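Below you'll find the structure, written out as C-alpha cells, and then a few comments.
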Amino acid sequence: MFSFSSIEDYHSFLAANPNGCQTAVQYYLSKIEENKNLNAFLEVFKEEALERAAQLDKQRAEGKPLGKLHGVVVSIKDVICYKNHQVTASSKILHGFRSLYNATAVEKLLEAEAIIIGRNNCDEFAMGSSNENSAFGMVKNAIDENRVPGGSSGGSAVAVQAKMCMLSLGSDTGGSVRQPADFCGVVGVKPTYGRISRYGLIAYASSFDQIGVFGNNIPDVAKVLEVISGPDGFDSTVSNKEPETYILKNDDSKKYKIAYFEDALNHESLDPEIKSASMNLLERLKKEGHAVQPVDFEYNDYVVPAYYVLTTAEASSNLSRFDGVKYGYRAKSEGLELTEFYKKSRAEGFGNEVKRRILLGTFVLSAGYYDAYFTKAQRIRSILVKKTELIFNDFDLILLPTVPAPAYRIGEKMDDPIAMYLADIYTVYANLVGIPAISLPLFSHTNGMPFGIQAMTNRFNELSLLQFSHLLMRQYKVLP
Ligand code: GLN
C-alpha cells in the first residue's frame, strides 16, 4: 500500500518504482472517493492528474532530472486560478466560471512538476473561520465530523489531514491557513506579505492576502514555499527578493530569543488547556537555554476591530467587479434598469456573510464615517507595524497560541458573527503587519481535538521561522 511521509521519501520511492507517480495519484483518488462526505473537494481533476502522472513516470524513465516537486500531489483552494479550470471562490456568483490564465503560484507548481489533483472547498471569497460559508456546502473535520475544520481554507486543510493529497495551497488574509491547520492538526504557513505573487489569487483584502501552504512536516512546506515564492512582473506588491533555498539543519544547538505577549495568554477568551500548553512550552524552551521573555502588547483588543474595518473596506471595493455583467452569475434582466439589474445579480449571487462584509466595508468608507473607522484602523495598523519593528530589534521570534479554542461544533457560532470574528484574535496580527507566521500541530486537547502553537518572525525571515519550527516539530510535539 502506498504511504507518504515526506517529499524526500517519496522521491526515493519513485527511484525504485517506475510507475510511482501513477501509484500515488491512484492512491489519492481512492482516498478522495473514500472521504467524499467531508466535502473538501469541489472538483477532482481525475483524468488529467492520471495523465500527468504517466507523463512524469515516462520522463523519469528517460532519465530527465527531477523537478523540485516532481510528482508531488497537491490540491489548491478554490480562489487560486488554474488555466482552463473552474474557479469559483466557493460562490454562486462565480459558479461555472473558468480561469483564462494560471496564477503565478500555480505556474510555478507546474514548472516544478507537481500534480494538481483538485480544487478545494472554502468559505465564500475566503470570508469566514469555519467553512460554513461556502455556497457548495460545509466541509467537515476528519477527526470529528460534527466539528468544523476551520476556515476559510477548510477544504485545503482537510485534504492534507485526511491524506487526500500530499500538500495543498490555501490563502491567508487573517488566519485562513493557520487557523484550519490548528483545527485539523496539520502544519500551515503564511509567508511574509509580498513573498508570493498574488497574481491569480482572487482578491479578498489585497493588502492582507497571501497564499499559504498546508503540509505534514516542515521540510515539505519549506520546499513548496521556495518553489512558489519570488518576484513577478504581474504583481507590483510582490518583493523583488529572489526566492531562497530553505536548507533546514537537524542541529538544535542554536538558541533563540523568544517573545510572548502576557496579555494575550491571560486573555479571557483563551481555553485553559491551550493556555497551559502554551505556558509549558515557553517554560520548557527557557529551561533548554532559549531566552524567553514577556513583552508588553497592549493592543490585543484592537487587532480584530482594525482587521475587520480594513479588510471589509478593501473587500467592498474588490468585490464591486462582480456585477453580473463581467463575470459569472447573471440575474434575469428582462424589464430591469441597469442599477436594478446589478442589485439583483449581486443579491442573488452573493451569500450572507459576503453581503454583510460588503455592507460593513461600504459603511466604514462612507464620507461621514471614514475618519471614525477607516482612518482610525489605519492608525492602529501603523502603530502595530512600529511596535513589531521594536520587538524584532530584540527578539528572533514571537510565540502565541494560534486560536483561543479548539475546533467547535458545526453550527455553534453561525448565529453570532461577532464571536466568530473575535476568535481571530491571535492570527490577524501577522496579516496587519505583514510578517510570516506558522501554526504547528503540537498538542491534543482532552476533547480529542488537536491544537497548535503559532510562531512568527520578522518580515522575510522565513528561514529562521522554518528552522525553529523544525526544532519544535521534532522535539516538542506532544500530539500522537
Ligand atoms: N477568519 C478571517 C476572516 O473571516 C480570516 C479569513 C482569511 O484569512 N481569508 O476574515
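The values are calculated or read from the model by the stated rules, or taken from the named source; none is laboratory data. Here the structure is a predicted model, which means the values were calculated and not measured. When we count neighbours, we look across all protein chains shown, and the Cβ atoms used for this are built from the backbone with ideal geometry, even at glycine. Note: areas computed on protein heavy atoms with side chains; ligands, DNA, RNA excluded. Shrake-Rupley method; radii C 1.70, N 1.55, O 1.52, S 1.80 Å.
Tabulated data
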{"read-out": "In sequence order, calculated HN-Hα J values of the stretch 73-88 (Karplus, 6.51, -1.76, 1.60; Hz; x Gly/Pro)", "value": "8, 10, 10, 10, 5, 6, 10, 10, 6, 10, 3, 6, 10, 5, 9, 10"}
{"read-out": "Rel. contact order, % - alpha carbon contacts under 8 angstrom, at least six apart, the stretch 49-133", "value": "34"}
{"read-out": "³J(HN,Hα) computed for each position of the stretch 464-476 - Karplus, 6.51 cos²θ - 1.76 cosθ + 1.60, integer Hz, glycine/proline x", "value": "5, 4, 6, 5, 5, 5, 4, 5, 4, 5, 8, 10, 10"}
{"read-out": "Sequence-distant residues sharing a close amide H with residue 102 (under 5 Å, placed H)", "value": "83"}
{"read-out": "The stretch 4-139, dipole about Cα centre (Lys/Arg Cβ +1, Asp/Glu Cβ -1), debye to the nearest 20", "value": "200"}
{"read-out": "³J(HN,Hα) computed for each position of the stretch 364-373 - Karplus, 6.51 cos²θ - 1.76 cosθ + 1.60, integer Hz, glycine/proline x", "value": "5, 9, 6, 3, x, 10, 3, 5, 5, 10"}
{"read-out": "Separation between Cα centres of the stretch 62-133 and the stretch 250-309, rounded to whole Å", "value": "34"}
{"read-out": "Theoretical gain in end-to-end length, residue 26 to residue 1 [0.36 nm per residue, Cα-Cα removed]", "value": "7.9 nm"}
{"read-out": "Cα-projected label distance for residue 446 with residue 370, points at 7 Å along beta-carbon direction, nm", "value": "5.4"}
{"read-out": "Solvent-accessible surface ranking, highest first, for 299, 373, 204 at 1.4 angstrom", "value": "373, 299, 204"}
{"read-out": "Cα lying deepest toward the dipole's positive end in the chain, options 135, 440, 422, charges on Cβ", "value": "135"}
{"read-out": "Under 17 Å from residue 257, Cα to Cα: aspartates and glutamates that are on another chain or at least 8 residues apart", "value": "283, 288, 296, 389, 394, 396, 462"}
{"read-out": "Nearby lysines by direct alpha-carbon distance to residue 413 (threshold 17 angstrom, same-chain neighbours under 8 apart not counted)", "value": "140"}
{"read-out": "Estimated distance in nm for a label pair at residue 325 and residue 390, the labels positioned 7 Å out from Cα along Cα-to-Cβ", "value": "5.0"}
{"read-out": "Trypsin sites (Lys or Arg not before Pro) within the stretch 282-330, DSSP loop, no more than 10 other Cβ atoms inside 10 Å", "value": "326"}
{"read-out": "Label point 7 Å beyond Cα of residue 242 along Cβ direction - residues of the stretch 180-198 with amide nitrogen under 19 Å", "value": "195-197"}
{"read-out": "Relative contact order (percent, whole number), the stretch 127-166, Cα cutoff 8 Å, 6+ residue spacing", "value": "37"}
{"read-out": "The stretch 1-61: relative contact order in percent, alpha carbon pairs under 8 Å with at least 6 residues between", "value": "44"}
{"read-out": "Solvent exposure, largest accessible area first (probe 1.4 Å, DNA, RNA and ligands not counted), of 268, 412", "value": "268, 412"}
{"read-out": "Order of exposure, largest accessible area first, which applies to 470, 95 with probe 1.4 Å", "value": "95, 470"}
{"read-out": "Difference of contour (0.36 nm per residue) and Cα-Cα distance, residue 475 to residue 37", "value": "154.2 nm"}
{"read-out": "Proportion of all alpha-carbon pairs of the chain beyond 41 Å (%)", "value": "14"}
{"read-out": "Cα centroid separation, the stretch 184-218 to the stretch 429-468 (Å)", "value": "13"}
{"read-out": "Antiparallel bridge percentage (DSSP; both residues within the chain; nearest 5)", "value": "65"}
